[in-house]
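Below is one structure, written out as structure tokens, with a few remarks after it.
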There are 2 protein chains.
Amino acid sequence: MKPILAITLGDINGVGPEVLAKALARPEPWQACQPLVVGDAGALDRARAFAPDCPAPAPVSNAEAAREAEGVPVLAVGPPAPMERPGVIDPAAGACAAAWIEAAVRMAMDGAVDGIVTCPINKHCLHQGGFAYAGHTDFVAALTGTQDYRMSLFAGNMRAVHISSHCSLREALAQVEQGRIETTVRITAEALARLGLARRHIAVAGLNPHAGEEGAFGAEEQRIIAPAVAVCREAGVDCSGPYPPDTVFRRMRQGEFDAVVAMYHDQGHIPLKLVAMEEGVNVTLGIPIVRTSVDHGTAYDIAGKGVASEASLCAAIALAAQLSGAPAPAERSSK
Amino acid sequence: MKPILAITLGDINGVGPEVLAKALARPEPWQACQPLVVGDAGALDRARAFAPDCPAPAPVSNAEAAREAEGVPVLAVGPPAPMERPGVIDPAAGACAAAWIEAAVRMAMDGAVDGIVTCPINKHCLHQGGFAYAGHTDFVAALTGTQDYRMSLFAGNMRAVHISSHCSLREALAQVEQGRIETTVRITAEALARLGLARRHIAVAGLNPHAGEEGAFGAEEQRIIAPAVAVCREAGVDCSGPYPPDTVFRRMRQGEFDAVVAMYHDQGHIPLKLVAMEEGVNVTLGIPIVRTSVDHGTAYDIAGKGVASEASLCAAIALAAQLSGAPAPAERSSK
């Protein structure tokens with residue numbers, strides 16, 4: 001049976017409803033999963049103006065009913081949604097977005113859905129609505145009671161899992177700790193296993209230029225990173241490193257590695273965003289549920305104009321389905 | 001008249017002679033410049049086994065004679081070269097490589113040649129030969145009496161100029177200073193002018209994720225980088241920023257910027273090496289001569305096997321010719 005994926009509509013004043021309607025107008029998401037939109041049926045319906053092939057919304061009252069729905073099953077929870085005002089920061093829309101995320105996470109924790117995919121929210125909008133978290137990922141982590149989660153970015157055969165995320169580079173340096181690296185390698189190995197990859201070789205990046213060049217440009221490789229890699233290898237994880245940061249991503253792109261553990265946000269984000277263009281997917285690893293997200297924001301500047309691309313959302317849905325245990329497209333039977 | 005470029009042969013036990021013979025077997029370097037090899041004629045001649053179309057070496061005794069030479073003009077200076085031993089660290093080869101660089105730099109300083117292009121050297125090899133510099137670039141800077149030079153990497157329409165180079169990331173953070181950024185922007189603007197680009201828009205990268213997100217992830221953008229950009233704009237330089245590091249290189253690739261000033265080595269090296277593959281060129285900016293270099297090392301593991309690519313050397317020669325004031329290929333008359 002296809003996994004049920006709860007897809008949160010995000011900020012209705014951003015591009016969320018539009019990219020969702022466009023994605024659900026395509027066959028791939030329906031082939032990969034049973035979607036369950038958590039959000040406002042009216043907003044999705046109006047976004048169908050940009051995607052006439054998207055089926056009409058069909059309100060449902062619980063996750064299991066999604067499989068019987070005729071159209072796009074939509075679960076409405078939380079406060080009533082305001083009318084869309086593209087590009088406007090509306091605290092009422094923020095409160096809805098938060099309620100939808102919370103409902104989706106609860107359903108995933110209860111096993112009612114197999115994973116969640118999130119459309120973009122606007123932090124300022126949520127904060128004006130009384131939201132107390134730094135962002136999407138922290139909120140999801142808190143709802144699942146997780147301390148040790150990791151932000152990662154997947155795009156095709158490139159996967160970067162970061163040992164730290166949204167903090168200054170100076171603070172990120174302080175987070176280069178052996179235990180944190182070991183945990184990240186373990187979390188990465190679990191994710192690659194869930195993806196069902198036959199080969200799961202993890203490259204651990206160095207922190208300094210040339211991976212420190214034998215200590216000449218920094219000692220973290222020798223003192224912290226290499227010992228972490230050794231511990232993980234000892235534990236049976238297929239990993240190696242530390243590698244010079246300026247070629248490890250190129251080597252992954254050429255097929256030598258299946259994932260890179262990155263030492264700070266931009267080390268992984270710069271190369272992935274450069275080559276992924278619109279197919280990048282954010283994945284939160286280390287939490288007890290499957291959660292992927294589009295790799296773009298609310299894009300207020302183009303909201304309501306019909307020009308947003310659904311590519312990242314389609315990729316996020318496909319990846320969530322795969323992480324939920326659905327067979328990868330290449331492994332499906334050809335019936 | 002075409003510029004004369006002194007091309008140093010580098011470590012004869014690396015891939016230098018091979019990639020040079022292969023490059024000079026192609027028409028483009030000859031169209032762009034008058035090459036003058038500074039090195040050993042015998043080593044180049046033997047490397048022609050991998051590139052039969054490369055003209056035979058023709059010994060010359062000074063730079064001006066290069067234009068009259070029949071074949072590849074080769075200027076021999078320094079100690080006699082030992083016989084090649086591919087992949088072997090030979091201090092005698094290192095001593096030759098250093099002498100060739102020194103001679104090339106002196107000729108460029110004297111105006112006898114219009115620029116230099118360097119084939120790879122091996123640091124360990126040079127150090128065993130008594131060489132006192134950290135590497136190629138530091139040596140060239142010392143020979144030209146330059147304090148404020150900048151390492152940059154060019155590849156097609158992507159250009160990254162780094163405010164610091166070979167040091168730990170921790171030390172690089174300490175080098176994020178307003179004056180250093182301003183100098184780098186100015187040096188970058190000069191280089192773009194030398195290239196003859198009609199548009200010369202420089203993007204200055206932030207240091208922290210999301211360029212600090214208004215101070216939430218680091219204060220350097222607000223305290224240091226933005227003021228530096230403001231000073232440069234005030235001085236008439238076409239620049240802007242600071243931009244989020246994880247999209248600024250993608251935006252340059254898409255044509256929005258002509259160069260990025262990068263805050264540390266890997267910030268620029270990771271994206272450039274990812275997309276440049278073999279066409280990347282190292283350029284030393286801020287020195288009083290034109291100097292480009294291949295973007296790879298001696299590659300001892302494949303030296304003497306005939307499998308090395310001349311792509312980076314060809315790109316380095318083309319770029320040096322352009323920086324020397326030769327019209328860019330697209331701007332040449334079509335006669």
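Things to note:
- Sub-9 Å Cβ pairs linking a first residue in the range B:209-226 that is more than 8 Å from chain A (Cβ to nearest Cβ) to a second residue that is among the polar types (S, T, N, Q) and assigned to a helix (DSSP H, G or I), at least 6 apart or interchain, are B:214/B:222; B:215/B:222; B:223/B:178; B:224/B:178; B:225/B:178, ordered by first then second residue.
- Selection over the range A:271-314 of residues that are charged (D, E, K, R), open to solvent by 40 Å² or more (accessible area, probe 1.4 Å) and within 14 Å of chain B (Cβ to nearest Cβ) gives a count of 2.
- Cβ-Cβ contacts under 7 Å between residues 6 or more apart (or on different chains), taken from a first residue in the range A:287-306 that is over 21 Å from residue A:150 (Cβ atoms) to a second residue that is crowded, with 23+ Cβ neighbours inside 10 Å and acidic (Asp, Glu), are listed as A:298/A:11; A:306/A:18.
- If you go through the range B:310-335 and keep only what is outside any helix (DSSP H, G or I) and at pLDDT below 95, you end up with B:324, B:325, B:326, B:327, B:328, B:332, B:333, B:334, B:335.
- Among the residues of the range B:292-300, none qualifies, meaning not one is more than 24 Å from residue B:123 (Cα to Cα) and not charged (D, E, K, R).
- Extreme residue, surrounded by the most Cβ atoms within 10 Å (Cβ to Cβ), among residues of the range B:258-270 that are more than 8 Å from every other protein chain (Cβ to nearest Cβ) and β-branched (Val, Ile, Thr): B:261
- Hits in the range A:52-68 (condition: crowded, with 21+ Cβ neighbours inside 10 Å and of a type in the set (A, V, I, L, M, F, W, C)): A:54, A:60, A:63, A:66
- The residue pairs whose first member lies in the range A:164-186 and is more than 14 Å from chain B (Cβ to nearest Cβ), whose second member is open to solvent by 10 Å² or more (accessible area, probe 1.4 Å) and outside any helix (DSSP H, G or I), and whose beta carbons are closer than 8 Å, counting only pairs six or more residues apart or on different chains, are A:183/A:148; A:183/A:286; A:185/A:237; A:186/A:235; A:186/A:237.
- Evaluated against (1) in contact with a strand residue (DSSP E or B) (Cβ under 7 Å, 6 or more places away or on another chain); (2) open to solvent by 10 Å² or more (accessible area, probe 1.4 Å); (3) among the small types (Gly, Ala, Ser), residue A:255 falls short on exactly one condition, (1).
- Any hit, the range B:152-172, residues being modelled with pLDDT under 95 and of a type in the set (Asp, Glu): no
- Index of the failed condition, residue A:1 passing every other in (1) surrounded by 17 or more Cβ atoms within 10 Å (Cβ to Cβ); (2) at pLDDT below 95; (3) of a type in the set (A, V, I, L, M, F, W, C): (1)
- Test: residue A:204 is on the phi < 0 side of the Ramachandran plot, in contact with a Gly (Cβ under 9 Å, 6 or more places away or on another chain) and more than 9 Å from every other protein chain (Cβ to nearest Cβ): yes
- If you go through the range B:14-66 and keep only what is without any contact (Cβ under 8 Å) to a residue 24 or more places away in the chain and in a loop (DSSP other than H, G, I, E, B), you end up with B:56, B:61.
- Of the helices (runs of 4 or more DSSP H) lying entirely inside the range B:181-300, those containing at least 1 residues that are touching a helix residue (DSSP H, G or I) at 6+ places or on another chain (Cβ under 7 Å) and over 30 Å from residue B:19 (Cβ atoms) span B:226-234, B:245-253.
- Taken as a whole, the structure leaves residue A:35 outside the set of residues that are in the same structural domain as residue A:140 (by TED's automatic domain parsing) and either open to solvent by 10 Å² or more (accessible area, probe 1.4 Å) or basic (Lys, Arg) (or both).
The values are calculated or read from the model by the stated rules, or taken from the named source; none is laboratory data. This one's a predicted model, so the numbers in the text were calculated from it and none came from an experiment. In this analysis, Cβ positions are derived from the backbone assuming ideal geometry, glycine residues included, and neighbour counts consider all displayed protein chains. Calculation scope for accessible area: heavy atoms of the full protein, side chains included, ligands and nucleic acids excluded. Shrake-Rupley method; radii C 1.70, N 1.55, O 1.52, S 1.80 Å.
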